[in-house]
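The block underneath contains the structure these notes are about, expressed in structure tokens.
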Amino acid sequence: MEIRLKPVREQVIVITGASSGIGLATARLAARRGARVVLAARDEENLRRIVADIRAAGGDAVYALADTSSQEQVLGIAETALREYGGFDTWINNAAVSIYGRLDETPVEDERRLFDVNYWGMVHGTLAALPHLKRSGGSLINVASVVSDRALPLQGHYSASKHAVKAFSDALRMELEHEGAPVSVSIIKPGSIDTPFPRHARNLMEYEPTLPAPVYRPETVADAILYCAAHRRRSLTVGGGGRMMGMAGMLAPRATDRGFEGTMWSQQQKDERTRPGRRDALYQPPLEEAHTRGDYEGRVRRTSAYTKATMRPGATALAVGLLAGLGLALAGRAGLLGAPGWRRDDELFDIEEEEFRTVEVQPGDEVGARAGDLDATASELEMPSDDYALRGVETLPSGDYGFRAGADQAY
């Protein structure tokens with residue numbers, strides 16, 4: 001059956017984890033674009049306030065109180081959407097929690113709780129959404145992370161849960177396609193985003209947690225999510241920095257390990273010691289008003305040229321190719337990844353905020369981005385699978401890195 005996705009302005013969109021960060025930014029943007037929005041989260045006071053603000057601005061929104069680790073409560077989200085709007089067109093599984101700390105120092109009950117929210121919450125949302133989406137068609141969007149492709153130390157359990165989200169989504173997509181169901185399944189992979197994420201995470205480290213650079217605004221992710229609500233896309237990485245990290249890990253995994261071992265302890269910790277009695281959101285909603293933005297102390301990039309380009313096939317191809325080439329160059333130069341000043345100086349990613357002239361590219365055209373033996377094309381930068389050998393990578397590190405054209409097509 002053909003998959004037909006409506007414009008965002010004609011949709012009913014369900015969003016879990018909608019009381020802060022990426023979820024809140026997506027709900028507000030969707031409402032501004034004319035969608036009717038169902039917000040779901042654990043924090044009823046903030047949900048009431050957010051819905052009131054959306055309505056006051058002329059939008060249409062309702063909320064459902066739910067902890068996504070409970071399948072019964074997640075079914076209640078679907079019931080709310082059916083009762084209030086007669087159905088929904090896009091379901092976004094976004095709710096997540098995190099733990100900063102060593103794997104061997106994390107209590108097992110906390111590890112299970114993280115998976116209950118991040119993985120099982122996504123499963124519960126998917127199972128609640130599929131009966132309606134199979135009947136009426138629409139989009140299922142699972143918010144994973146760049147750590148779905150490349151794990152980070154000190155966030156090992158979070159990385160593992162996001163690997164699971166990606167694997168589940170890929171398997172589900174194949175099953176739905178085999179069935180002929182009219183459902184698009186997309187994975188969103190944000191890089192470091194300036195949200196309350198570190199503040200809400202459980203922290204087992206000596207110092208307060210933070211995000212590794214480069215860091216982007218949550219509205220950049222919201223825009224990508226809503227793009228996938230209206231367009232069939234297998235996956236979309238938000239932020240050139242995250243894409244480079246994944247490419248480096250694929251092309252030079254051991255060198256990337258060494259680079260992370262030299263940088264990720266300092267990049268994920270502030271100079272401030274962990275506050276006594278610090279409250280997190282692992283088991284309960286945070287005790288604060290709803291915010292999209294966090295308290296990242298460094299530079300926050302207002303946009304990502306890479307992500308914009310991947311949402312415009314055939315346009316800004318030169319910029320995308322250059323970013324891909326830089327990612328491969330980074331993978332082959334572990335000294336750069338591990339340089340002492342890399343945490344403070346992320347000027348390599350300044351290209352992300354530049355505006356580039358539009359370059360129209362036909363399928364198969366080369367865009368001239370080279371790193372060693374790289375020949376990148378505009379359509380290759382989002383791989384439809386992790387089986388890179390099948391994408392044309394035959395030998396590493398000295399072989400031809402010319403990925404086969406067409407890898408970034410819709411499906």
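The values are calculated or read from the model by the stated rules, or taken from the named source; none is laboratory data. Because the structure is a prediction, the values reported are computed rather than measured. Because the Cβ atoms are built from the backbone with ideal geometry, glycine has one as well, and the counts that use them run over all protein chains shown. Note: areas computed on protein heavy atoms with side chains; ligands, DNA, RNA excluded. Shrake-Rupley method; radii C 1.70, N 1.55, O 1.52, S 1.80 Å.
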Put a dot 7 Å past each Cα toward the Cβ at ALA56 and ARG112; how far apart are the dots in nm? 4.3
Could you tell me the distance between the Cα centroids of the range 217-256 and the range 112-169, to the nearest Å? 15
Tell me, what is the 1.4 Å probe accessible area of LYS308, in Å² to the nearest 10? 90
Estimated FRET transfer efficiency (GLU44, ARG302; beta-carbon r; R0 25 Å; 0.05): 0.20
Which distance in nm do the two modelled labels at LYS270 and TYR207 give, with both placed 7 Å along the Cα-to-Cβ direction? 1.2
Quick tally, 1.4 Å probe accessible area for LEU82, LEU24, sorted with the most first, runs LEU82, LEU24
Can you flag which of LYS6/LYS134; LYS6/LYS162; LYS189/LYS308; LYS134/LYS189 are past 23 Å Cα-Cα? LYS6/LYS162; LYS134/LYS189
What do you reckon, how do MET311, MET174 stack up by accessible area (1.4 Å probe), largest on top? MET174, MET311
What distance in nm separates the simple spin-label points at ALA171 and GLU105, each placed 7 Å from Cα in the Cβ direction? 3.3
Candidates per GluC sites (Glu not before Pro) in the range 1-85, loop by DSSP, up to 11 other Cβ within 10 Å: GLU2
Note, the range 94-100: 3J(HN,Hα) by Karplus (6.51, -1.76, 1.60, θ = phi - 60°), whole Hz, Gly/Pro = x, goes 10, 4, 7, 10, 9, 9, 9
Short version: ³J(HN,Hα) in whole Hz for each residue of the range 272-288, in order, from phi by Karplus 6.51 cos²θ - 1.76 cosθ + 1.60 (θ = phi - 60°), x for Gly and Pro, what are they? 8, 5, 4, 6, x, x, 4, 9, 10, 10, 5, 10, 8, x, x, 8, 7
The range 108-220: relative contact order from alpha carbon pairs under 8 Å, six or more residues apart, as a whole percent, is 27
With DNA, RNA and ligands ignored, accessible area of GLU288 (1.4 Å probe; Å², nearest 10): 60
Just reorder VAL143, VAL108 by solvent-accessible area, largest first, 1.4 Å probe, all chains present. VAL108, VAL143
